[in-house]
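Here the structure comes first, spelled out in structure tokens, and everything after it is commentary.
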Amino acid sequence: MIDRATVDKIMEATNIVDVVGEFVNLRKAGVNYKGLCPFHDDKTPSFMVSPARQICKCFACGEGGNAVNFLMKHEQITYPEALRWLAKKYNIEIQERELTDDEKREQSERESMFVVNEWACQYFHEILKNDVDGLAIGKQYFRSRGIRDDIIEKFQLGFALNKRDALANEAKRKGYKEEFLIKTGLCYEVRNEKGEMRNENEEMTNGTSAQTSLLKDRFAGRAIFPWLNVSGKVVAFGGRKLDSATKGVQQKYVNSPDSEIYHKERELYGIYQAKKAIVKEDCVYMVEGYTDVIAMHQCGLENVVANSGTALSIHQIKLLRRFTPNIVLLYDGDEAGIHAAMRGTDMLLQEGMNVKVLLLPDGDDPDSFARKHTAQQFKEYIEQHQTDFIQFKTELMLKNVKDPIKRAEAINSIVRSVSVIPDPIVRATYITECARRLDVDERTLITQTNKFIAGDREELRKVAEREDRQQGSGQQDIADPIGLHTSLEQTTEVERLLIQNIIRHGDEIIFSDLEAEDGSTINLNVAQYIDFDLGQDGLAFSSELYNRVLKEAVDHSYEQGFKADRYFMQHPDPQISQLAARLGIDSHQLSHIFEKEESQNDLRQRIQHLILDFRMDIVNQHMKDIQRQLKDAGSDMKLIRELMDEYKSTQELRNALARQRGSDVIV
């Protein structure tokens, strides 16, 4: 449990631009910042961050919040976990009581898997640094690859002992459950010939007792490469057989299987270590393997990630697109490298990425090339030899092609790649360039491009709808992890405006020097006046969350220095802080540097008018209820007369409210 004082300390230290900037490429826009929204498929920057108000909001999908809300939605973590994330970032110590056994059991499965992975990462790393075998075998392997100690620390590289149950036994000794060792893929179950789990009392065929461990280590005897997600959590591991053990071995690498916290097609190796450099350089280098990433970091090029031999997925592209639209595919120049460069490029183009390709000289991969050159030399080589993807594809597919049919097929493939580019100006530029390079009439290429676009449009529309449905169902879990939308479904627009004013202006005085019954004078702020006015007739909001906000605003109004917007933005209840962030910011506030100061009289008139609107809504709803009761009354004349009298008096009340509002009286 984190106390309120520590929460306040964390929130005061937090800079939302720094936090959001960890995950989204932000650009200065006046006094604010903007970038692509991470909560929906954003093509143009619609995600705004206000450093003055310490909140963010997307004006396309509506998602927003303070730094805690952002982390909860983006990382799918709980409120305490988000606070711990911020405390770690800003070096704030959190004193928490020890969890009970029951509370430990209640920890989410997902969080338990992260905890196990984090422990395993430290375990492998400590073996590499301190164990005799770790130093003699693991450390020597990394030394042979020219990897320095600082890079070993940066990537938390490790070594797994060759004993097949070393990690399993140590993990169980530390109290970690076998269930999570298996679910993370660190270990796997050992079964007998009948397909049954071995038990500790089972005898081996040679008469010796069965091993006490029911688990075997997946990565035994391998060099370890931890996978960190974009927020720095350990989600998986890659294990490599050492050079002396790879002779005749087809599978040099073993990776963690897919799990609740790891899906390979959604992750990129090195993204956590690279994200700041990617934003700074406004470019990302894509390579194939772990050692390619590590070697480039060691030579000074840090804006590099690897997809580790798999085809690029749409999820990986969208992840990169948040940080930069510019990507260079950096592979060795053999057939495998060319094939890798060709995979997924149409998806990159379709997502609006500017794609360039660089094939290194034969015999070199990014790892070996980086070890031979300085960062400056590597950068110069990239600048001088990288080619636009369309140019690369043109030269590759038409090289030495004489057959007219094969040439036509190659041109069609190139034009199809051009057709998926979303920007019409970029697309038209490429068509002109292709016409010149291919010696084909530009109008022919335009016609063929339009055919591809028209032919794919229906399919693309169906794919987009399917993705929207998938993102919609997933986004509800991510963007509304605390059920805020559900809890506010029945609220009216007038209620929303009233609670918005309580959050923004709840502490501001709108009535000064009012005379009380005892002859003293009092002041009423927005929250107190709304509570007083509604309380006279026993009225309340339809949402319990709204009623809580009003009550807390009134209760804290007597505290010196109380500021409603700051209080609710930093509220420990994530429902309230998320509500405050959503209602505490709008497009007008984010798009204007200067805002006209509102007078006390203007604010008072607006609040009074909203309260009248709220009362009018209640009266109108009551009249509708009476009409429904009249329909159901049948021939009960006594009930009908009573309902008609009630309807008439309610109608008179509505007319009186209408006169107060200055609107026409409804007869």
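The values are calculated or read from the model by the stated rules, or taken from the named source; none is laboratory data. Treat the numbers as computed from the prediction; the structure is a model and nothing was measured. Reconstructed Cβ throughout: ideal geometry from the backbone, glycine too, with neighbour counts over all protein chains shown. Surface accessibility is based on the protein's heavy atoms, side chains included, excluding ligands, DNA and RNA. Shrake-Rupley method; radii C 1.70, N 1.55, O 1.52, S 1.80 Å.
Remark: pairs (first residue in the range 420-444, closer than 17 Å to GLU409 by Cα; second residue open to solvent by 50 Å² or more (accessible area, probe 1.4 Å) and part of a loop (DSSP other than H, G, I, E, B); Cβ separation under 7 Å; 6+ apart in sequence or on different chains) = ALA435/ASP441. Name the residue that is farthest from the chain's Cα centre (by Cα), counting only residues in the range 316-326 that are hydrophobic (A, V, I, L, M, F, W, C) and in a helix (DSSP H, G or I). Top of the filtered list is ILE317. Checked against (1) part of a helix (DSSP H, G or I); (2) open to solvent by 80 Å² or more (accessible area, probe 1.4 Å); (3) over 25 Å from ALA311 (Cα atoms), GLU395 passes all but condition (3).
Please verify whether LEU329 is open to solvent by less than 50 Å² (accessible area, probe 1.4 Å), in a helix (DSSP H, G or I), modelled with pLDDT of 85 or more and within 24 Å of LYS43 (Cα to Cα), treating the condition exactly as stated. So LEU329 fails the test.
Taken as a whole, the condition of being assigned to a strand (DSSP E or B), farther than 20 Å from ILE576 by Cβ and in contact with a Lys or Arg (Cβ under 8 Å, 6 or more places away or on another chain) applies to LYS34.
Taking the range 37-67 as the range and being farther than 29 Å from MET347 by Cβ, assigned to a loop (DSSP other than H, G, I, E, B) and not basic (Lys, Arg) as the test, the residues that pass are PRO51, ALA52, GLN54, ASN66.
If you check ALA13 against the conditions, is it of a type in the set (A, V, I, L, M, F, W, C), touching a Phe, Trp or Tyr at 6+ places or on another chain (Cβ under 8 Å) and open to solvent by 30 Å² or more (accessible area, probe 1.4 Å)? Yes; evaluated as a whole, the condition is true for this residue. Within the range 18-35, identify whether any single residue is over 13 Å from ARG322 (Cβ atoms), modelled with pLDDT of 85 or more, among the aliphatic types (A, V, I, L, M) and out of contact with any Ser or Thr (no Cβ under 9 Å at 6 or more places or on another chain), and answer yes or no. Yes, some residue in the range 18-35 is over 13 Å from ARG322 (Cβ atoms), modelled with pLDDT of 85 or more, among the aliphatic types (A, V, I, L, M) and out of contact with any Ser or Thr (no Cβ under 9 Å at 6 or more places or on another chain). Looking across ARG164, ARG218, ARG148, one residue alone is modelled with pLDDT of 90 or more and in contact with a strand residue (DSSP E or B) (Cβ under 7 Å, 6 or more places away or on another chain). It is ARG218. So in the range 541-580, with the set limited to residues that are of a type in the set (Val, Ile, Thr) and within 31 Å of the chain's Cα centre (by Cα), which one is surrounded by the fewest Cβ atoms within 10 Å (Cβ to Cβ)? This residue is ILE576.
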